[in-house]
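J.: One structure follows; several queries about it will come next.
The values are calculated or read from the model by the stated rules, or taken from the named source; none is laboratory data. Just so it is clear, the structure is predicted and the values come from calculations on it, not from any experiment. When we count neighbours, we look across all protein chains shown, and the Cβ atoms used for this are built from the backbone with ideal geometry, even at glycine. SASA here: full protein model, heavy atoms, side chains in, ligands and nucleic acids out. Shrake-Rupley method; radii C 1.70, N 1.55, O 1.52, S 1.80 Å.
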Amino acid sequence: MEAEEVAAKPPKGRFCTICNQRRAALKRPKTLEQICRECFYAVFEEEIHGVIVDNQLFKPGERVAIGASGGKDSTVLAYVLSELNRRHNYGLDLFLLSVDEGITGYRDDSLETVKRNEIQYGLPLKVVSYKDLYGWTMDEIVKLIGLKNNCTFCGVFRRQALDRGATLLKVDKLVTGHNADDIAETVLLNILRGDIARLSRCTSITTGEDGPIPRCKPFKYTYEKEIVMYAYFKRLDYFSTECIYSPNAYRGFAREFIKDLERIRPRAILDIIKSGEDFRISTSTKMPEQGNCERCGYISSQFSVPSSDFLLLSMVLFA
């Protein structure tokens with residue numbers, strides 16, 4: 001997704017509707033306001049600052065790891081959080097945390113971007129890999145099980161890898177670049193799957209508060225299109241190639257539906273998130289209990305894959 005594709009340019013000669021001094025350079029996707037670049041930077045950053053403050057995401061002196069993939073979301077998050085930390089004196093120690101799943105031609109290239117970000121933003125980088133943690137790369141796992149359900153397995157392994165990396169860094173919080181589009185997609189997916197347990201928590205801005213390392217989403221109300229535009233206009237260094245194993249992922253269908261809705265009504269993304277926040281689950285509904293793995297002690301997940309596939313992979317990986 002390129003910046004030129006995400007928002008129409010305002011009529012030539014139109015002044016910014018915010019400052020009324022500079023020429024408008026873009027039409028903001030979230031509000032359709034015609035604004036200049038400088039005002040766009042300001043409102044984009046201050047909205048994220050407002051989310052951080054209103055939700056009390058951080059406390060002074062905390063060590064915070066930024067989940068860094070090299071993509072647009074995590075790159076913009078690292079840049080903006082670094083800027084806000086200095087500007088508003090959050091008092092945070094920030095780190096970059098990356099996971100190397102072992103996907104040739106994708107993750108190896110994106111990690112080079114993260115390494116450049118480490119230098120550009122002056123943030124220490126920690127990389128953990130599937131190979132070191134589990135003895136297998138994602139390339140080897142896909143070769144064993146094929147493309148069916150590979151995203152489900154990778155998602156679980158990645159979550160645990162981030163937890164392990166965050167533990168090694170001894171951080172208090174882990175922040176991820178999940179944006180408003182991602183959260184709206186997840187709301188729809190959980191409705192389509194009838195997944196009541198995840199539907200009840202997927203819109204939470206902070207999760208895992210009862211665990212060792214809570215996770216926060218400062219971009220909860222930030223549109224993907226605006227993240228792309230911010231990265232483009234700021235000339236940030238990010239990696240834009242999609243994972244080679246995910247073109248047919250179920251989430252992709254929800255993503256296209258969200259994009260169609262946004263074209264008709266930009267506010268649809270925020271409305272879906274609001275609907276997810278307002279869902280109430282009947283007290284008679286039996287909720288599954290999330291436990292910890294008996295072997296490694298980390299949170300276990302409810303797999304939505306055939307038990308034979310999971311059993312086979314578990315036997316191979318953890319034998």
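J.: Quick check for you: which residues of segment 198-242 have the amide N under 16 Å from the point 7 Å beyond the Cα of residue 268 toward its beta carbon?
T.: 223-225
J.: List the residues, sorted by chain then number, that are 5 or more residues from residue 125 or on another chain and whose placed amide H is less than 5 Å from its amide H.
T.: 96
J.: Still on this model: Holding the Cα-Cα limit at 29 Å, pick out from 59/126; 131/173; 12/220; 115/274; 131/225; 131/220 the pairs that are longer than that.
T.: Long pairs (Cα-Cα over 29 Å): 12/220; 115/274; 131/225; 131/220.
J.: Under the classification rounded if a/c is under 1.5, otherwise prolate if a/b is larger than b/c and oblate if not, where does segment 54-279 fall, given a ≥ b ≥ c as square roots of the Cα gyration tensor eigenvalues?
T.: Note, shape of segment 54-279 comes out rounded.
J.: According to the square roots a ≥ b ≥ c of the eigenvalues of the Cα gyration tensor, what is the shape class of segment 168-238, taking rounded for a/c under 1.5, prolate for a/b larger than b/c otherwise, and oblate for the remainder?
T.: Judged from the Cα gyration tensor, segment 168-238 comes out oblate (a/c at least 1.5, b/c at or above a/b).
J.: Follow-up question, since we're still on this one. Residue-wise, which Karplus ³J(HN,Hα) couplings in Hz belong to segment 90-107, taking 6.51 cos²θ - 1.76 cosθ + 1.60, θ = phi - 60°, and x for glycine or proline?
T.: 5, x, 9, 9, 9, 9, 9, 10, 10, 10, 9, 6, x, 10, 5, x, 10, 5
J.: In square angstrom, what is the accessible area per residue of segment 54-279 with a 1.4 angstrom probe?
T.: Ligands and nucleic acids excluded, the result is 46 Å² per residue.
J.: With a ≥ b ≥ c taken as the square roots of the eigenvalues of the C-alpha gyration tensor of segment 112-152, please select rounded if a/c is under 1.5 and otherwise prolate if a/b is larger than b/c or oblate if it is not?
T.: Verdict is prolate for segment 112-152.
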